[in-house]
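Encoded as structure tokens, the structure appears first; notes follow it.
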Amino acid sequence: MAAEKTGRLPVFQTDYGGVGLLETPTARHAEEGEFSFSFSHIKPYTNYAFSFQPFTWMQAGFRYTSISTHRYGSVAPNRNYLDKGVDLKLTPIRESRYIPEMSIGFRDLGGTGLFSSEYLVANKRWYDLDFSLGLAWGYLGNRGDFRNPLGLISSRFDHRVGASGGGGKFNFKSWFTGRPSVFGGIQYTTPWRPLTLQVEYDGNDYKHQPLGDSFKQKLPVNFGARLRLNDNVTLSAAYERGTTVMLGATLSLNLAHLTQPKSDPAPVVPKNTDDNHPKSWSKVADKLSSNAGINVTRISKKDHTLVVDGVPNKYRYMGQAELRGDRILHNAASADIDSFEYRWEGGGFFLRDDKLPRKPLPSNPLLVSPASPFSDLDYRRGIISSGIDKADADAKPGQTLYEKSRRGFSYDVGPGLNYNYGGPDGLLFQVLARAGLQYRTDQHGWASASLGYSLFDNLSHANYLAPTQLPRVRSDVVSYLKHTSLGLYNLQYTRTARLSDNVFGMAYAGLLEQMYGGVGGEVLYRPFDSNVAFGVDVNWVKKRGYDTQLDFQKYSTVEGHATAYIKTGIDNILARISVGRYLAKDYGTTIDLSKTFDSGVTLGAYAVFTSAGNKYGEGSFNKGIYLTMPLDIFFTKSSRDYVTAHYTPLTRDGGASLNRAYSLYSLTGTRDLNRYWDGFKKGN
């Protein structure tokens, strides 16, 4: 199917997640951008695994394993014990004619260590057969075939260190220790392509399972079959240990190439004349909004240029909005106009200026690849894009033809979802009806509010409150969910200011998020289209009442951070590194790495290391992943809106930050060109 179209054999998720056979991993990897959710059940384990392929050479994932033979204990005596783990696989050597593909991997890297394992594995393909052979330590190599060869380097490798207990720590001392075992297998893609057969030699004898369990293994060979219903859904079945049946399913989606055909209005047809005069510039502004996706605040004439001040509100690529806008402006421009200029706004700031030539309208502009012999004639070579300095931002250039008051209301309504997972209470959720309101007082100020009404939830059985030695700043989040029927999630006034050419400021006060209200401010240094930006935010906050209304609790604190934003230039990775004070009055550092794919989807991960130390509790440090997706990859109408899903294995108090409604780095996003040139395509 999808993999075979590129000449690759299909790959599948193991019982515990991550590309491999059944119990054992292989050196293979999914396509870059692949996201997979897999479910498997093999008594007594039920696995729920998420796997990501952010780069061609790296696979990462996290997993929950429900163990039916054990309970959580007194905190949840009726619920199966739930283990959590993080996995990682690196592929430094790719397959060639004579060299196999080789990977090094870590299972349960940052979890409790109950299933921890390290391995080296190689794969070689021969027609429709794919052979794997590896060496594993820990869980995958529990049979312990022979003495650890690394023991020749140091005797510490001879004996394996046990699980970390509290979880969340990287137990480096246990890596590649103990007696290893050999594992391997064969995958056969049958002539009927939806069906793949697998057989593997298991390196685990199941005599030393987590939590003191042991299982009978009659045969160290496992047999399985995979049935691909389509590119996204796979069903799995296997006979393992010579005693037990495994059943599973996998849902896969490639985030890098998600797209949806659009049914947007066709671009305006340009008139065949160069000397045009509109009946009303107000109607021109309306057309720029409805067809080009530009919320126009002002249209002016400066020398031989029509200048549009506005906010992009429809198309993700600015070039697409500008090409559409050019056609509309051409139909309103007199003969002396030879260029169109767009002064883009965001957060009350003028951030960028793009100047495009009027010619060759009414003919379509020439857009060719850089390798074309006609590349010197490409329309884009005549475009000038630059940052707007403070003096120009404060001025009103040229003769005003149209201007709209910035005052006014806007609103949005839609569904909402609150959720929490990973504790003894299992998956907790709350489905909401949400409404957002905003009133802009002027260019630099606006009041905003967000309300939510709980439609239904499963919070009635949520009783677990994690122990903590820190101020309870996040670990009681479920109390907010349980006690909120109609909630005021945000009510604040925000004001921005341009402090200099490259320095932006913002202040805000009110109910800043569901759990905290207060006052704060931020300053950001961000040169035009720079790879680096620096920001500082400081906030005084007080904890809100559990009903998410207007009352407050006693706890208050000051939190804030200094943050560096670095576009690394490597695989579209943005690094955000923050140092500062957190809500629980602990100090530390946040490292956040994210990658944006061609589809506009962003996948990120973060880790927070603070002075909380051993007081943090289970999990050892705050960490998580997030996925930000443009809404128009799901719908046939273009949109600049995004939706973000966050996941943290545990909600604890250490390393917790204020969830601000606005950040200067987001508000000034138009300051970067990013994928600006991608918007210049035929038909736009």
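The values are calculated or read from the model by the stated rules, or taken from the named source; none is laboratory data. Just so you know, these numbers come straight off a predicted model, no measurement behind them. Cβ: placed from backbone, ideal geometry, glycine included. Neighbour counts: every protein chain shown.
Tally the residues that are over 30 Å from residue 296 (Cβ atoms) and out of contact with any Pro (no Cβ under 6 Å at 6 or more places or on another chain), restricting the search to region 406-426.
Narrowing region 406-426 to residues over 30 Å from residue 296 (Cβ atoms): 415-426.
Now restrict to residues that are out of contact with any Pro (no Cβ under 6 Å at 6 or more places or on another chain): 415-421, 423-426.
Residues flagged as over 30 Å from residue 296 (Cβ atoms) and out of contact with any Pro (no Cβ under 6 Å at 6 or more places or on another chain) within region 406-426 amount to 11.
Could we say that residue 7 is surrounded by fewer than 17 Cβ atoms within 10 Å (Cβ to Cβ) and either at pLDDT below 95 or in a strand (DSSP E or B) (or both) here? Explain how you work it out, then say what you get.
Details: surrounded by fewer than 17 Cβ atoms within 10 Å (Cβ to Cβ): yes; either at pLDDT below 95 or in a strand (DSSP E or B) (or both): yes.
For residue 7, the condition - surrounded by fewer than 17 Cβ atoms within 10 Å (Cβ to Cβ) and either at pLDDT below 95 or in a strand (DSSP E or B) (or both) - is met.
Going through region 369-391 one residue at a time, which ones are assigned to a loop (DSSP other than H, G, I, E, B) and surrounded by 15 or more Cβ atoms within 10 Å (Cβ to Cβ)? Give the steps one after another, and end with the answer.
Pass one, region 369-391, residues assigned to a loop (DSSP other than H, G, I, E, B): 369-374, 378, 383, 388-389.
Passing the criteria: 378, 383, 388, 389.
Applying the selection to region 624-651, what residues are modelled with pLDDT under 85 and not aliphatic (A, V, I, L, M)? Lay out the reasoning, then the answer.
Step one: filter region 624-651 for residues modelled with pLDDT under 85, giving 647-651.
Once the filter is applied, which keeps residues that are modelled with pLDDT under 85 and not aliphatic (A, V, I, L, M), region 624-651 yields 647, 648, 649, 651.
Can you spot a residue in region 571-591 that is farther than 24 Å from residue 540 by Cβ and among the hydroxyl-bearing types (Ser, Thr, Tyr)?
There is no residue in region 571-591 that is farther than 24 Å from residue 540 by Cβ and among the hydroxyl-bearing types (Ser, Thr, Tyr).
So if I check each of 382, 387, 347, which one is on the phi > 0 side of the Ramachandran plot and of a type outside the set (Val, Ile, Thr)?
Working: 382 fails: on the phi > 0 side of the Ramachandran plot; 387 fails: on the phi > 0 side of the Ramachandran plot.
Residue meeting the stated conditions: 347.
Looking at region 393-412 only, could you name the residues that are modelled with pLDDT under 90, within 37 Å of the chain's Cα centre (by Cα) and surrounded by fewer than 15 Cβ atoms within 10 Å (Cβ to Cβ)?
The answer is 394, and nothing else.
Do the conditions hold for residue 473, that is, is it crowded, with 19+ Cβ neighbours inside 10 Å and either at pLDDT 95 or above or in contact with a Ser or Thr (Cβ under 9 Å, 6 or more places away or on another chain) (or both)?
yes
So which of 609, 635 ends up being more than 22 Å from residue 64 (Cα to Cα), part of a loop (DSSP other than H, G, I, E, B) and hydrophobic (A, V, I, L, M, F, W, C)? Working first, answer last.
Numbers: 609 fails: part of a loop (DSSP other than H, G, I, E, B).
From the options 609, 635, the qualifying one is 635.
Using the structure shown, decide if residue 335 is touching a residue at least 24 places away in the same chain (Cβ under 8 Å) and out of contact with any strand residue (DSSP E or B) (no Cβ under 9 Å at 6 or more places or on another chain).
yes
Restricting attention to region 533-572, which residues are more than 19 Å from residue 492 (Cα to Cα) and either buried (at least 19 other Cβ atoms within 10 Å of the Cβ) or more than 29 Å from the chain's Cα centre (by Cα) (or both)?
Filtering region 533-572 down to residues more than 19 Å from residue 492 (Cα to Cα) leaves 533-536, 554-555, 561-572.
533, 535, 554, 555, 561, 563, 565, listed by residue number.
Could you tell me which residue of region 105-136 is modelled with the lowest pLDDT, considering only residues that are closer than 26 Å to residue 48 by Cβ and hydrophobic (A, V, I, L, M, F, W, C)?
109
For region 271-293, does any single residue satisfy the condition of being in a loop (DSSP other than H, G, I, E, B), within 30 Å of the chain's Cα centre (by Cα) and surrounded by fewer than 19 Cβ atoms within 10 Å (Cβ to Cβ)?
So the first thing to find is which residues in region 271-293 are in a loop (DSSP other than H, G, I, E, B), and the list is 271-280, 293.
The next check asks that each one be within 30 Å of the chain's Cα centre (by Cα); those that pass are 293.
Next, from what is left, pick out any that are surrounded by fewer than 19 Cβ atoms within 10 Å (Cβ to Cβ): none.
The answer is no, given that none of the residues of region 271-293 is in a loop (DSSP other than H, G, I, E, B), within 30 Å of the chain's Cα centre (by Cα) and surrounded by fewer than 19 Cβ atoms within 10 Å (Cβ to Cβ).
Report yes if residue 676 is aromatic (Phe, Trp, Tyr), more than 14 Å from the chain's Cα centre (by Cα), over 30 Å from residue 385 (Cα atoms) and at pLDDT below 95, otherwise no. It would help to see each step written out before you state the result.
Details: aromatic (Phe, Trp, Tyr): yes; more than 14 Å from the chain's Cα centre (by Cα): yes; over 30 Å from residue 385 (Cα atoms): no; at pLDDT below 95: yes.
When the stated conditions are applied, residue 676 does not pass them.
Quick one: residue 342 ticks every box in (1) of a type in the set (Ser, Thr, Tyr); (2) part of a loop (DSSP other than H, G, I, E, B); (3) in contact with a helix residue (DSSP H, G or I) (Cβ under 8 Å, 6 or more places away or on another chain) bar one, so which box is it?
Only one criterion in (1) of a type in the set (Ser, Thr, Tyr); (2) part of a loop (DSSP other than H, G, I, E, B); (3) in contact with a helix residue (DSSP H, G or I) (Cβ under 8 Å, 6 or more places away or on another chain) is unmet by residue 342, namely (2).
Could you check how many residues of region 300-318 are in a helix (DSSP H, G or I) and either at pLDDT 95 or above or surrounded by fewer than 21 Cβ atoms within 10 Å (Cβ to Cβ) (or both)? Don't jump to the end; show me each part of the working.
At the first step, the residues of region 300-318 found to be in a helix (DSSP H, G or I) are 318.
Pick out the ones that are also either at pLDDT 95 or above or surrounded by fewer than 21 Cβ atoms within 10 Å (Cβ to Cβ) (or both) and you get none.
Number satisfying all stated conditions: 0.
Counting just the residues of region 363-382 that are within 14 Å of residue 684 (Cα to Cα) and of a type outside the set (A, V, I, L, M, F, W, C), which one comes out farthest from the chain's Cα centre (by Cα)?
363
All but one of (1) closer than 30 Å to residue 150 by Cα; (2) in contact (Cβ under 8 Å) with a residue 60 or more places away in the chain; (3) of a type in the set (Val, Ile, Thr) hold for residue 284; state the number of the condition that does not hold.
If we test residue 284 against (1) closer than 30 Å to residue 150 by Cα; (2) in contact (Cβ under 8 Å) with a residue 60 or more places away in the chain; (3) of a type in the set (Val, Ile, Thr), just (1) comes out false.
Whether any residue in region 481-490 is among the aliphatic types (A, V, I, L, M), within 25 Å of the chain's Cα centre (by Cα) and surrounded by fewer than 17 Cβ atoms within 10 Å (Cβ to Cβ) is what I want to check. Walk me through it before giving the result.
Quick first cut of region 481-490, residues among the aliphatic types (A, V, I, L, M) only: 481, 486, 488.
From the residues that got through so far, the ones that are within 25 Å of the chain's Cα centre (by Cα) too are 481.
Those left that are additionally surrounded by fewer than 17 Cβ atoms within 10 Å (Cβ to Cβ): none.
No: zero hits.
I'd like to check something: does region 425-435 contain any residue that is closer than 30 Å to residue 466 by Cβ, polar (S, T, N, Q) and surrounded by 14 or more Cβ atoms within 10 Å (Cβ to Cβ)? Steps first, please.
Filtering region 425-435 for residues closer than 30 Å to residue 466 by Cβ gives 425-434.
Still in the list and also polar (S, T, N, Q): 430.
Cutting the leftovers down to surrounded by 14 or more Cβ atoms within 10 Å (Cβ to Cβ) gives us 430.
Scanning region 425-435 turns up at least one residue that is closer than 30 Å to residue 466 by Cβ, polar (S, T, N, Q) and surrounded by 14 or more Cβ atoms within 10 Å (Cβ to Cβ).
Tell me whether region 208-219 contains one or more residues that are farther than 30 Å from residue 351 by Cβ, of a type outside the set (D, E, K, R), at pLDDT 95 or above and assigned to a strand (DSSP E or B).
Checked against the condition, which is being farther than 30 Å from residue 351 by Cβ, of a type outside the set (D, E, K, R), at pLDDT 95 or above and assigned to a strand (DSSP E or B), region 208-219 yields no hits at all.
Counting just the residues of region 224-243 that are touching a residue at least 40 places away in the same chain (Cβ under 8 Å) and surrounded by fewer than 19 Cβ atoms within 10 Å (Cβ to Cβ), which one comes out nearest to residue 17 (Cα to Cα)?
Initial filter on region 224-243 (touching a residue at least 40 places away in the same chain (Cβ under 8 Å)): 224, 226, 228, 230-231, 234, 236, 238, 240.
Narrowing the set further to residues that are surrounded by fewer than 19 Cβ atoms within 10 Å (Cβ to Cβ) leaves 230-231.
Working: 230: 19, 231: 18 Å.
If we take residues in region 224-243 being touching a residue at least 40 places away in the same chain (Cβ under 8 Å) and surrounded by fewer than 19 Cβ atoms within 10 Å (Cβ to Cβ), then 231 is nearest to residue 17 (Cα to Cα).
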